[in-house]
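Report on the structure given below.
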Amino acid sequence: MKVKSIIFVHNDFEWKSFFSAVFIWFPIRLVTGAYWNHCALLVELDGKDWIVEALGKGVTMTPRSVWEVRSKRKTEFILVDKYPVWLLDAIGKRYDYASLLFWKILKYVTGSWYGPK
């Protein structure tokens, strides 16, 4: 598996994604102060492009062609030249909402990150 790019994603408001827009995308942008509300990795596996990302159902792999038509969103691809060795182990793992909220709130209060690196 070769990591080709980090993808930063900005989702615009859509009524069909009301819950995600109000309770996930907007708060992420509010807390981080960033334009982007999601990120993913573009990887090449057996000559095909895949998108690896953490969703509510866990870390997933989706064919790039399927991912690109899923919804309207703005993206920026940042080329990378290093291989994250943890990537294959992460696929299939559940999203850890509790830790995300705990560590993010602690950083907001203290100004320092104490969570997993």
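Things worth noting here:
- Hits in the stretch 101-112 (condition: surrounded by 13 or more Cβ atoms within 10 Å (Cβ to Cβ) and either of a type in the set (Phe, Trp, Tyr) or under 19 Å from residue 60 (Cα atoms) (or both)): 102, 103
- For the stretch 53-75, the criterion of being closer than 22 Å to residue 113 by Cβ and among the aromatic types (Phe, Trp, Tyr) is met by no residue.
- Only one entry of 52, 66 meets the criterion of being on the phi < 0 side of the Ramachandran plot and within 14 Å of the chain's Cα centre (by Cα), and that entry is 52.
- Looking across the stretch 89-117, just one residue is aromatic (Phe, Trp, Tyr) and touching a residue at least 60 places away in the same chain (Cβ under 8 Å), and that is 108.
- For the stretch 55-68, the count of residues that are out of contact with any helix residue (DSSP H, G or I) (no Cβ under 8 Å at 6 or more places or on another chain), surrounded by fewer than 16 Cβ atoms within 10 Å (Cβ to Cβ), in contact (Cβ under 8 Å) with a residue 60 or more places away in the chain and of a type in the set (Ser, Thr, Tyr) is zero.
- Residues satisfying the stated conditions in the stretch 37-48, i.e. in contact with a strand residue (DSSP E or B) (Cβ under 6 Å, 6 or more places away or on another chain) and over 21 Å from residue 102 (Cα atoms): 40, 41, 42, 43, 44
- Residue match in the stretch 52-71 (condition: closer than 17 Å to residue 1 by Cβ, among the acidic types (Asp, Glu), in contact with a strand residue (DSSP E or B) (Cβ under 9 Å, 6 or more places away or on another chain) and modelled with pLDDT of 85 or more): yes
- Selection count, the stretch 14-28, where residues are among the hydrophobic types (A, V, I, L, M, F, W, C), surrounded by fewer than 17 Cβ atoms within 10 Å (Cβ to Cβ) and in contact (Cβ under 8 Å) with a residue 12 or more places away in the chain: 1
- The condition of being at pLDDT 85 or above and of a type in the set (Lys, Arg) holds for only one of 48, 16, that being 48.
- Among the residues listed as 52, 31, 43, the single one being surrounded by 14 or more Cβ atoms within 10 Å (Cβ to Cβ) and touching a helix residue (DSSP H, G or I) at 6+ places or on another chain (Cβ under 7 Å): 52
The values are calculated or read from the model by the stated rules, or taken from the named source; none is laboratory data. In this text the structure is predicted, and so the values were computed from the model without any measurement. Reconstructed Cβ throughout: ideal geometry from the backbone, glycine too, with neighbour counts over all protein chains shown.
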